[in-house]
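Single-structure report; data block below.
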Amino acid sequence: MNVVVCAKVIPASSVTIEIDPGTKRMVRRGVSHELDPAAAAALEEGLRLTEKHGGSVTVVTMGITDATIGIRNALAMGASSAVHLLDDAFGGSDTLGTAKVLAAAIRKEPFDLVICATESSDSYSGIVPGQLARLLGIPALTFAKEIAAEGGKITVKRQSESGYDVVEAALPALVSVTSGINEPRYPQLKGIMAAKKKEIKKYTAADLGLAPDQIGAAGAKERVLTVGRPPPRKAGKIITDEGDAGKQIADLLAELKLI
Amino acid sequence: MSDLIWVYAEVVEDRVTPTTLEMLSKAAEVGTAEAVLLGPAPEEAIQTLGNHGAGKVYRSADPVFRDYLTLPALETLAGLIRSHQPAVMLFASSYAGRDLAAGLSALLDSGTIADVGDFVLKDGSVEASVPALGGSYLNTATLVGPGTKILLVRPKSFEPKPRGQTAQVEEIAPPADPSVRKIRVTERVSVPQEGPQLEGAKAIVSGGRGLKSAEHFAMLRELAELLGGSVGATRAVVDAGWVPYSMQVGQTGKTVKPNLYIACGISGAVQHLAGMKSSNTIIAINKDPEAPIFQVSDLGVVGDVFQVVPQLIEQIKKRKGA
């Protein structure tokens with residue numbers, strides 16, 4: 001089974017992400033990056049499936065040069081190969097633009113299954129997987145909390161409002177996984193060494209045959225008009241527990257007539 | 001541009017979802033509201049939709065919409081949108097809503113704005129206000145280009161308003177194309193919910209990873225009970241399997257606005273803040289003084305939840321007894 005994993009590389013969790021009021025985009029340059037933990041979970045599923053059924057895992061990442069660190073990490077975890085979609089023209093893509101770039105790259109790879117995170121941990125829109133599946137013309141089994149593959153068929157437990165649904169489809173298909181689906185492995189020394197020798201293919205918009213008006217800021221149908229801050233909450237009080245914090249909370253609750 | 005606004009009506013557990021009614025009420029306020037209701041639904045569903053502002057309901061009760069996930073609805077909606085060209089189509093930020101908005105935007109090559117908290121019709125398009133990065137920003141966004149504008153709306157963004165109207169019903173045919181049956185739902189499993197509903201709770205006591213294990217939710221239950229409220233959780237602990245998804249508060253869980261929110265051992269990830277930061281009074285207990293949850297708290301306690309919460313429980317019991 002050949003698996004493609006869409007792996008976003010995002011500002012590291014230690015970074016407070018900001019939006020540049022000029023470009024109206026997230027500030028991605030000049031901050032440290034990491035493989036999105038949600039993407040690591042998607043990759044872990046791909047690795048487990050191919051360990052069981054054979055085949056390869058290709059990681060596809062759209063991102064700036066700084067994303068390389070996350071791609072190396074994915075290779076060190078065990079991905080067979082990687083594709084880095086790297087072009088200034090991709091900057092400012094909206095969700096559909098992103099899905100178009102990913103779809104064009106994935107069409108170049110032989111695949112049975114595409115795995116994505118349900119949503120990235122920086123922007124959380126959660127709609128790229130559904131758009132991507134439609135562009136690739138394959139069914140989207142979204143919000144998976146468990147995946148099983150057998151005999152050309154994929155079965156997932158899909159999160160629902162009241163529990164979960166068991167849904168199945170024939171391959172090829174796309175699955176988006178919830179972040180708690182597994183505990184992603186840490187790269188081992190052997191994997192890290194092996195990753196250094198693995199090639200990262202790089203594609204530009206031209207390599208993918210994408211017209212400039214389809215992608216990036218130029219192709220984006222979603223346009224951010226204004227960047228603002230919500231009205232601030234009035235500053236709260238912060239205390240350090242010195243043995244009576246429980247009592248102080250109770251005092252506040254009593255004062256607010258909540259008890 | 002017409003002022004025709006469509007709402008995708010969702011039914012969960014045999015009930016039209018609250019977000020459906022919130023969106024319809026808003027749609028009726030700013031334009032002409034109509035709804036699309038696909039698949040089995042309770043008898044009173046159409047009346048409920050009409051009462052909340054839907055002048056018309058496009059309806060098919062065919063079980064194909066229930067048994068093959070969202071693909072049949074996707075094809076049907078695409079067809080309906082092409083023939084009627086509503087200005088805006090609203091979906092709830094739910095599982096089905098996100099699937100459909102995503103699929104439709106690719107199918108119709110139109111943009112989508114996710115996580116919409118409010119919107120107006122403006123200059124032939126929409127202008128949506130979108131809380132970004134967990135609500136640390138409040139941006140406005142629009143969609144350019146022709147075609148129906150697709151918005152994914154956050155729950156609890158609008159007030160549901162009964163208007164005492166009735167809806168006209170237009171029966172539509174289910175899709176005949178066998179390709180919509182590519183994804184089969186073979187089983188639906190309900191995980192029973194513990195305690196009272198989070199929605200509508202006046203007080204919510206939530207736990208995060210700082211609680212260390214599932215057993216420690218017992219003390220949160222005790223506290224919630226004393227406050228007449230219910231228990232919530234972060235995505236991290238739901239993902240870890242400590243508590244069921246129905247308890248998840250956050251961007252991908254429930255959006256709540258209780259009178260009192262007590263966050264115990266919750267650091268305040270963007271994902272969580274998005275679901276609770278408009279609560280009236282927020283109290284947070286966390287051992288890390290740098291935890292982002294303190295930035296939205298009215299009272300922040302830097303301390304050990306295992307010390308502070310039991311003391312709080314004891315204090316409330318004492319005062320109630322007094």
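Any of A:LYS145/B:LYS161; B:LYS122/B:LYS202; A:LYS234/B:LYS156; A:LYS257/B:LYS277 with alpha carbons more than 26 Å apart? Name them for me.
Numbers: A:LYS145/B:LYS161 36 Å; B:LYS122/B:LYS202 36 Å; A:LYS234/B:LYS156 22 Å; A:LYS257/B:LYS277 21 Å.
Where the Cα-Cα span goes over 26 Å, the pairs concerned are A:LYS145/B:LYS161; B:LYS122/B:LYS202.
Could you work out, residue by residue across B:314-321, how many beta carbons of other chains sit within 10 Å of that residue's beta carbon, and then give the average as an integer? Before the final figure, lay out each step's value.
Values: counts 3, 10, 7, 1, 2, 5, 1, 0.
Rounded to a whole number, the mean comes out at 4.
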Tell me, what HN-Hα J-couplings in whole Hz come from the Karplus equation 6.51 cos²θ - 1.76 cosθ + 1.60 at θ = phi - 60° for each residue of region B:216-225, using x for Gly and Pro?
5, 5, 4, 5, 5, 4, 4, 5, 4, 4
Peptides ranked, highest mean first, by Cβ atoms within 10 Å: ranges A:105-111, B:249-255
B:249-255, A:105-111
To make sure I understand, if each residue's beta carbon is the centre and we count other beta carbons within 10 Å, what order do B:HIS84, B:HIS52, A:HIS53, A:HIS84 fall in, fewest to most?
A:HIS53, B:HIS84, A:HIS84, B:HIS52
Can you tell me the 0 to 90 degree angle between the C-alpha axis of helix B:18-30 and the longest principal axis of chain B, rounded to 10?
60 degrees
Starting from the Cα of A:LYS201, draw a straight line to each of the lysines and keep only those under 19 Å, dropping any in the same chain fewer than 8 residues away.
A:LYS8, A:LYS100, A:LYS108
Size of electric dipole in region B:203-321: Cβ of Lys, Arg +1 and of Asp, Glu -1, about Cα centre, debye, nearest 20
260 debye
How do the peptides B:14-23, A:147-156, A:64-73 rank, highest first, by the average count of neighbouring beta carbon atoms within 10 Å per residue?
B:14-23, A:64-73, A:147-156
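To two decimal places, what compactness ratio does region B:203-321 give when its Cα radius of gyration is scaled by 2.2 N^0.38 Å? Before the final figure, lay out the partial values.
Working: Rg = 12.8 Å, N = 119, 2.2 N^0.38 = 13.5 Å.
It is 0.95.
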Looking at region B:112-165, which trypsin sites (Lys or Arg not before Pro) are DSSP coil and have at most 12 other C-beta atoms within 10 Å of their C-beta?
none
Distance (nanometres) between label positions extended 7 Å along Cα→Cβ at B:GLU290 and A:ALA194:
3.5 nm
Cα-based helix-to-principal-axis angle, B:95-108 vs chain B, degrees rounded to 10
40 degrees
Averaged over the residues of B:111-120, the number of partner chain Cβ atoms within 10 Å of each residue's own Cβ comes to 4
Hey, what number do you get for the protein assembly as shown at 222 nm if only DSSP H runs of n ≥ 4 count, each worth -39500 (n - 2.57), divided across all residues, to the nearest 500?
-8500 deg cm²/dmol
If one takes the longest principal axis of the Cα atoms in chain A, at what angle in degrees, from 0 to 90 and to the nearest 10, does the Cα axis of helix A:37-53 lie?
40 degrees
Average beta carbon contacts from partner chains per residue of B:5-15, 10 Å cutoff
1
Straight-line reach only, C-alpha to C-alpha below 13 angstrom: list the aspartates and glutamates that B:LYS182 could link to, leaving out same-chain residues fewer than 8 apart.
A:GLU168, B:ASP67, B:GLU75
Taking neighbour Cβ counts within 10 Å as the exposure measure, how do B:LYS161, B:LYS56, B:LYS318 sort from fewest upward?
B:LYS318, B:LYS161, B:LYS56
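With both partners inside chain B, how many of the DSSP beta bridges are antiparallel, as a percent to the nearest 5? Walk me through the intermediate numbers first.
Numbers: 13 of 59 bridges.
Percent antiparallel among DSSP bridges in chain B is about 20.
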Under the Karplus curve 6.51 cos²θ - 1.76 cosθ + 1.60, θ = phi - 60°, whole-Hz ³J(HN,Hα) for region B:173-187, x wherever Gly or Pro sits:
7, x, x, 8, 4, x, 5, 6, 9, 6, 10, 9, 8, 9, 7
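What's the ranking of A:43-52, A:162-171 by average number of surrounding C-beta atoms within 10 Å, highest first?
On the way: A:43-52: 20.7, A:162-171: 18.6.
Highest mean packing first, the order is A:43-52, A:162-171.
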Per the C-alpha gyration tensor (a ≥ b ≥ c, the square roots of its eigenvalues), region A:3-219 is rounded if a/c is under 1.5, else prolate if a/b beats b/c, else oblate; here it's rounded
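Any read-out appearing in this document is the output of simple, stated calculations on the displayed coordinates, not a laboratory observation. What you see is a predicted model, and the numbers here were worked out from it, not measured in a lab. Note: ideal-geometry Cβ built from the backbone for every residue, glycine included; neighbour counts use all protein chains shown.
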